[in-house]
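The structure under discussion appears below in the form of structure tokens.
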Amino acid sequence: MTTHHDLPTPADYGHLTGDHAAAVTVYLATSPVPVERDRAQVALKSAFDRALRELEDHGVPRPVRMALVGKRDDVLADGELWGALSRSLAVFVTPDLVEVFVLPNKLEDELVVGTHFALSQLWRPMTQLQEAFAITLSANEWRLWHATPTERVRELDPVGDYPQSAAEATNRESAGRGDDRLSGDPYDLYAKRVADAARKELAAIDPTEKLPLFVFADEALGARFASRKEGRELISVRGSSDRLTPAQIDEAIRDQLAELNVAEAQSSVSELKDGDPSVVERDLAAIARMAVKGAIDTYWFDFTVDMPGTLNSETGELAYEDGESMYALGVRDLLSQVAQLVYEHGGRVIAVRGSDLTDPWVGPALAKLRFTLI
């Protein structure tokens, strides 16, 4: 059994592609809160019960089904896995292998049974921002946090020596002047000192300032902090920060990262409206042919749509299939197959939920070309 506490990669996608005597795919919402673990385990067992009934109905031999039961039991008995949950599990089981991904973002609950895995949802965490910083800021204290793609938010330990409260910032300033008089708003001073500290500490981790900073603070102090901050994108989370738990901070970050990802996808798609229409392609067959020639700059696809078919990775030729595609050998979801093709030839892939996007998105796929083919 392999448990991944890191994000899936296109290589993982390739590793999981193939035909099997039987394959069960489960995407399951989970929670790092201990009291939710039992619910998640029950949900996984229930999903496998349904999968086994379906496999029996399709004539899959009992020894194959019993091998799946053994693999399922391995997952349920893995204390290390269930003791380190995040927001989703992606479970892939055949009689010969088990791959489990512990993921920080919410995926759609899904059970798929057949002779191959359903892999479209794996592209969601692979292609969107899953990392951010946070600061919890009040007059009494401030703390820096880091939410990574593979771990819940954790507190950062500042290297420098900074005032830890508004009162300490005032006292330090007064001591530096040699008296107890301080001109101006003491909270302005405090916000400035904290902003300078945060900038310095976070630059050591993310010098390009590509990661956003979530600011948990009341409106007045948050505004003062924001007025002193430059470069890094700030996202305000209003309200008292004194009693927030790490789990609450992580939950707020993940929810708002999802909104940021949707906004970024919509913005990138909207840019195509006013651009050159000759570098926009919506036909999946044309996108696949262009992908093998390295002509795709960016490819957006709806990971909630299943479009079964076969794809020739050498030529990009595809064929659509109908019927019980999950039991047809060689048939896969074409949208995610094309995503792999685009990635392998140097293009960017963005998995989206089509219902989140508006004009010019019509779905289920859209591509921006590097160049047009004659």
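Could you tell me whether any residue of the stretch 197-204 is in contact (Cβ under 8 Å) with a residue 60 or more places away in the chain, outside any helix (DSSP H, G or I), crowded, with 16+ Cβ neighbours inside 10 Å and among the small types (Gly, Ala, Ser)? Before the answer, list the steps.
Step one: filter the stretch 197-204 for residues in contact (Cβ under 8 Å) with a residue 60 or more places away in the chain, giving 198, 202.
Retained after the next criterion (residues that are outside any helix (DSSP H, G or I)): none.
Scanning the stretch 197-204 turns up no residue that is in contact (Cβ under 8 Å) with a residue 60 or more places away in the chain, outside any helix (DSSP H, G or I), crowded, with 16+ Cβ neighbours inside 10 Å and among the small types (Gly, Ala, Ser).
Being out of contact with any strand residue (DSSP E or B) (no Cβ under 6 Å at 6 or more places or on another chain) and modelled with pLDDT of 90 or more is true for just one of Ala40, Ala90, Ala84, Ala11. Which residue is that? Break it down into steps so the answer makes sense when it comes.
Values: Ala90 fails: out of contact with any strand residue (DSSP E or B) (no Cβ under 6 Å at 6 or more places or on another chain); Ala84 fails: modelled with pLDDT of 90 or more; Ala11 fails: modelled with pLDDT of 90 or more.
Among Ala40, Ala90, Ala84, Ala11, only Ala40 is out of contact with any strand residue (DSSP E or B) (no Cβ under 6 Å at 6 or more places or on another chain) and modelled with pLDDT of 90 or more.
Which one of Gly231, Gly178, Gly184, Gly239 is surrounded by fewer than 19 Cβ atoms within 10 Å (Cβ to Cβ), modelled with pLDDT under 90 and either β-branched (Val, Ile, Thr) or within 21 Å of Glu131 (Cα to Cα) (or both)?
One residue alone meets the criteria, Gly231.
Listed residues Arg53, Arg72, Arg65, Arg87; which is open to solvent by 70 Å² or more (accessible area, probe 1.4 Å) and not aromatic (Phe, Trp, Tyr)?
Arg53
Among (1) without any contact (Cβ under 8 Å) to a residue 24 or more places away in the chain; (2) of a type in the set (Gly, Ala, Ser); (3) crowded, with 17+ Cβ neighbours inside 10 Å, which single condition is Ser46 missing?
Among (1) without any contact (Cβ under 8 Å) to a residue 24 or more places away in the chain; (2) of a type in the set (Gly, Ala, Ser); (3) crowded, with 17+ Cβ neighbours inside 10 Å, the lone unmet condition for Ser46 is (3).
Only one residue in Ala263, Ala258, Ala252 is within 26 Å of Phe214 (Cα to Cα) and surrounded by fewer than 16 Cβ atoms within 10 Å (Cβ to Cβ). Which one?
None of the others qualify; the one that does is Ala263.
Looking at the stretch 307-325 only, could you name the residues that are closer than 16 Å to Ser120 by Cα and touching a Ser or Thr at 6+ places or on another chain (Cβ under 7 Å)? If you could, list the steps in order and put the result at the bottom.
Filtering the stretch 307-325 for residues closer than 16 Å to Ser120 by Cα gives 307-311, 325.
If the condition is that a residue be closer than 16 Å to Ser120 by Cα and touching a Ser or Thr at 6+ places or on another chain (Cβ under 7 Å), then Pro308 is the only one that fits.
Which of the following residues is among the β-branched types (Val, Ile, Thr), at pLDDT below 90 and not in a helix (DSSP H, G or I): Thr298, Thr358?
Only one candidate qualifies: Thr358.
Which one of the conditions (1) in a strand (DSSP E or B); (2) in contact (Cβ under 8 Å) with a residue 60 or more places away in the chain does Thr310 fail to meet, given that it meets all the rest?
All conditions pass for Thr310, except number (2).
Cβ-Cβ under 7 Å, sequence separation 6+ or interchain: first residue in the stretch 211-224 and more than 14 Å from Ala252 (Cβ to Cβ), partner in a helix (DSSP H, G or I). Which pairs?
Leu221/Tyr187; Leu221/Ala191; Arg224/Tyr187; Arg224/Asp188; Arg224/Ala191
May I ask you to list the residues in the stretch 12-39 that are in a helix (DSSP H, G or I) and among the aromatic types (Phe, Trp, Tyr)?
Selection gives Tyr13 alone.
The values are calculated or read from the model by the stated rules, or taken from the named source; none is laboratory data. Just so it is clear, the structure is predicted and the values come from calculations on it, not from any experiment. Positions of Cβ are generated from backbone atoms using ideal geometry, with glycine treated the same way; all protein chains shown enter the neighbour counts. Areas reflect the complete protein model, heavy atoms only, side chains present, ligands, DNA and RNA absent. Shrake-Rupley method; radii C 1.70, N 1.55, O 1.52, S 1.80 Å.
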